[in-house]
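K.L.:
Let me begin by handing over the structure; questions about it come next.
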Amino acid sequence: MPAVVPLTVVNAETATFDCSFGRGCVGLCCQNGRPSVTADEQAAIKAVLSRVTPLLRPDAAKVVKKQGFLSNRRKLGKPMLRVVGGWCVFFNEGCVLHKVGLEDGDFAVHKPIQCVLFPLEPAGDGNWYVRQWAHEGEGWNLFCLNPKNTKRKAAEALAPEIAVAAELPAGFSWHDDAPRRRKPAPKAAAKRGKSAPAS
């Protein structure tokens, strides 16, 4: 595994973000959420599927039991999670993979890396940025990506996500098959209060 280098978030000084799931947001980042998943991520989900399935919405549980959690669609050369009823198959008043991860001491351990890191994005040059309206051509109009939505600094709000990103290999991109994290999550991340839609 390549050496991990300190993480640079290019807009850390100016970006704002505050996940307001449960405080006015119903989990819009999970609506029609179709992250691509690596083989390692698929294995991590399969390992907890028996614990996760009873927590799913009834329609989603039925689909997962009959057809699995992956759709036939592909993004970045990888299969994508299935959507049922307009929501990610693992969404039920928040991300079920996130909830089970918290029970296991690490909010990120079972989730696809694209979900774990939202709204962090690799810049393609070894650096990262926080997705914001009008930054890097951001096209998703989620209100939480509006820099005027909050005054809270993204670097503070996203400390657990930044800690996870810092564990990834230097030059990471979504096209990579990111290895599952091997070391325990930092305490702040393990006890993450963002009982998120946890994208």
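K.L.:
When only residues in the stretch 64-109 that are small (Gly, Ala, Ser) and closer than 22 Å to TRP174 by Cα count, which is surrounded by the fewest Cβ atoms within 10 Å (Cβ to Cβ)?
P.N.:
GLY77
K.L.:
Then there is this: Name, by its number, the condition in (1) small (Gly, Ala, Ser); (2) in a strand (DSSP E or B); (3) within 12 Å of the chain's Cα centre (by Cα) that does not hold for SER71.
P.N.:
Unmet for SER71, out of (1) small (Gly, Ala, Ser); (2) in a strand (DSSP E or B); (3) within 12 Å of the chain's Cα centre (by Cα): (3).
K.L.:
LEU7 passes all but one of (1) touching a Gly at 6+ places or on another chain (Cβ under 9 Å); (2) under 19 Å from VAL116 (Cα atoms); (3) not acidic (Asp, Glu); which number fails?
P.N.:
(1)
K.L.:
Quick one: in the stretch 42-60, which of the residues that are over 16 Å from CYS30 (Cβ atoms) and of a type in the set (A, V, I, L, M, F, W, C) is surrounded by the most Cβ atoms within 10 Å (Cβ to Cβ)?
P.N.:
The qualifying residue surrounded by the most Cβ atoms within 10 Å (Cβ to Cβ) is ALA44.
K.L.:
Quick one: in the stretch 27-56, of everything that is among the basic types (Lys, Arg) and within 14 Å of LEU81 (Cβ to Cβ), which residue is modelled with the highest pLDDT?
P.N.:
Across the stretch 27-56, the extreme among qualifying residues is LYS46.
K.L.:
Take GLU156 and decide whether it is outside any loop (DSSP other than H, G, I, E, B), surrounded by fewer than 17 Cβ atoms within 10 Å (Cβ to Cβ), on the phi < 0 side of the Ramachandran plot and of a type in the set (D, E, K, R).
P.N.:
Taking the combined requirement at face value, the residue satisfies it.
K.L.:
Could you check the stretch 128-145 and list, in sequence order, the residues that are at pLDDT below 90, in a loop (DSSP other than H, G, I, E, B) and touching a strand residue (DSSP E or B) at 6+ places or on another chain (Cβ under 8 Å)?
P.N.:
Result: HIS135, GLU136.
K.L.:
Can I ask one more? Out of the residues in the stretch 14-24 that are in contact (Cβ under 8 Å) with a residue 12 or more places away in the chain and surrounded by fewer than 17 Cβ atoms within 10 Å (Cβ to Cβ), which is farthest from LEU102 (Cα to Cα)?
P.N.:
Filtering the stretch 14-24 for residues that are in contact (Cβ under 8 Å) with a residue 12 or more places away in the chain and surrounded by fewer than 17 Cβ atoms within 10 Å (Cβ to Cβ), the one farthest from LEU102 (Cα to Cα) comes out as THR14.
K.L.:
Would you please list the contacts, defined by Cβ atoms under 8 Å and residues six or more apart or on different chains, that run from a residue in the stretch 43-72 that is farther than 14 Å from LYS99 by Cβ and β-branched (Val, Ile, Thr) to a residue that is part of a helix (DSSP H, G or I) and at pLDDT 95 or above?
P.N.:
Between residues of the stretch 43-72 that are farther than 14 Å from LYS99 by Cβ and β-branched (Val, Ile, Thr) and residues that are part of a helix (DSSP H, G or I) and at pLDDT 95 or above, the close pairs are VAL64/LEU49; VAL64/THR53.
K.L.:
Follow-up. Could you grab me the full set of residues in the stretch 112-137 that are touching a Leu at 6+ places or on another chain (Cβ under 6 Å) and either small (Gly, Ala, Ser) or over 26 Å from ALA44 (Cβ atoms) (or both)?
P.N.:
Correct list: GLN132, TRP133.
The values are calculated or read from the model by the stated rules, or taken from the named source; none is laboratory data. Bear in mind the structure is a predicted one, so any value in this text is a computation, not a measurement. So basically every Cβ, Gly included, is an ideal-geometry build from the backbone, and we count neighbours across all protein chains shown.
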